[in-house]
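Some notes on the structure that comes next.
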Amino acid sequence: MENDLKARLLDAALAHVPFDGWCDATLAASAQDVGVTLSEARAVYPRGAVDMARAYHLRGDAQMLEQMAAADLGAMRYSQRVAAGVRFRLEAVQDKELVRRGMALFSLPQYAADGTQLVWGTADKIWTALGDTSDDFNWYSKRAILSGVYGSTVLFWLGDTSEGHSATWAFLDRRIEDVMRFEKMKAQARENPFLSKLMSVPNAVLSQIKAPSRTPRDDLPGRWPTRPGGR
């Protein structure tokens, strides 16, 4: 029931955001459109429109993953698979103004952390969907680099008026190729006897950094134990 109300409110909001932005006025108008009180709307979106903007971004991520699962990614080069993930994410957007308004919201200091988290989450979902198994510093570097690629591509895409966004996809391909060249340089450095020795200490430090566990811990304080029956 709660998820259904969240979805209906978000659907209603999409008609208001291009004019009013992600704001309290949009939340109020969406509540009126679906026939609920503002208090009921705030019950499912406690922080108001910022939570709605987050929900809209996460909906786009889910649509991206559906497209990635349906596509024949195995027939592509690895760089093409990464580019396809970013492209599917942008193609999930119905109206660029929804993204512009979202960027304006997440550029505010109090919501900047939300915006960073969402972009990082998109990059993480792409790498995970592609079967990334890194569990060390590379886990972080891959997501940081792809977050930068995704962010710069979104900015280019917002101003792109080319047919079928062909200029954006060319821009994206160039950014991905830059990343692949960087990865190639890293591999060459590891194979170079002099550089490998020079980087031995930094690499030893970085090797201690591990990716976060995807399995929730149940041995930490401050958690209710799970009882039989899920209660």
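Condition check: without any contact (Cβ under 8 Å) to a residue 40 or more places away in the chain and either touching a helix residue (DSSP H, G or I) at 6+ places or on another chain (Cβ under 9 Å) or of a type in the set (D, E, K, R) (or both). Does ALA123 satisfy that?
So ALA123 fits the description; yes.
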- Sort through ASP136, ASP160, ASP95 and tell me the only one that's at pLDDT 95 or above, among the acidic types (Asp, Glu) and either surrounded by 13 or more Cβ atoms within 10 Å (Cβ to Cβ) or closer than 22 Å to VAL179 by Cβ (or both). ASP160
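From THR128, THR161, THR133, THR122, grab the single residue that is farther than 14 Å from LEU90 by Cα and under 16 Å from the mean Cα position of the chain (by Cα). Outline the logic, then answer.
Numbers: THR161 fails: under 16 Å from the mean Cα position of the chain (by Cα); THR133 fails: under 16 Å from the mean Cα position of the chain (by Cα); THR122 fails: farther than 14 Å from LEU90 by Cα.
That would be THR128, the only listed residue that is farther than 14 Å from LEU90 by Cα and under 16 Å from the mean Cα position of the chain (by Cα).
How many residues are among the hydroxyl-bearing types (Ser, Thr, Tyr), assigned to a helix (DSSP H, G or I) and over 16 Å from GLY48 (Cβ atoms) when one looks only at the range 87-120? Full working, then the answer.
Within the range 87-120, the first condition is being among the hydroxyl-bearing types (Ser, Thr, Tyr), and the residues that meet it are 107, 111, 116.
Subsequent filtering for residues that are assigned to a helix (DSSP H, G or I) retains 111, 116.
Imposing the further condition that a residue be over 16 Å from GLY48 (Cβ atoms) reduces the set to 116.
Qualifying residue count for the region: 1.
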- Looking across the range 28-51 at residues that are under 23 Å from the mean Cα position of the chain (by Cα) and assigned to a helix (DSSP H, G or I), the single one that is nearest to LEU105 (Cα to Cα) is VAL50
- Note on the structure: Picked from the range 15-28 (must be surrounded by fewer than 17 Cβ atoms within 10 Å (Cβ to Cβ) and aliphatic (A, V, I, L, M)), the residue farthest from TYR150 (Cα to Cα) is ALA25
- Message: When the residues of the range 35-82 are narrowed to those that are without any contact (Cβ under 8 Å) to a residue 40 or more places away in the chain and among the β-branched types (Val, Ile, Thr), which ends up surrounded by the most Cβ atoms within 10 Å (Cβ to Cβ)?
- Response: VAL36
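So that you can scan it fast, the table gives a plain yes or no per residue for (1) in contact with a Phe, Trp or Tyr (Cβ under 7 Å, 6 or more places away or on another chain); (2) closer than 30 Å to ALA25 by Cα; (3) not assigned by TED's automatic domain parsing to the domain that holds LEU14:
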residue: TYR78; (1), (2), (3): no, no, yes
residue: ASP95; (1), (2), (3): no, yes, yes
residue: LEU98; (1), (2), (3): yes, yes, yes
residue: LEU118; (1), (2), (3): no, yes, yes
residue: GLY121; (1), (2), (3): no, yes, yes
residue: LYS125; (1), (2), (3): no, no, yes
residue: LYS142; (1), (2), (3): yes, no, yes
residue: PHE156; (1), (2), (3): yes, yes, yes
- Is it true that some residue in the range 52-65 is at pLDDT 95 or above, out of contact with any Phe, Trp or Tyr (no Cβ under 9 Å at 6 or more places or on another chain) and assigned to a loop (DSSP other than H, G, I, E, B)? no
- Of the residues that make up the range 26-42, is at least one modelled with pLDDT of 95 or more and in contact with a Phe, Trp or Tyr (Cβ under 6 Å, 6 or more places away or on another chain)? no
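The values are calculated or read from the model by the stated rules, or taken from the named source; none is laboratory data. Given the structure is predicted, the values throughout are model-derived calculations rather than measurements. Every residue, glycine as well, gets a Cβ built from its backbone with ideal geometry; the counts of neighbours run over all protein chains shown.
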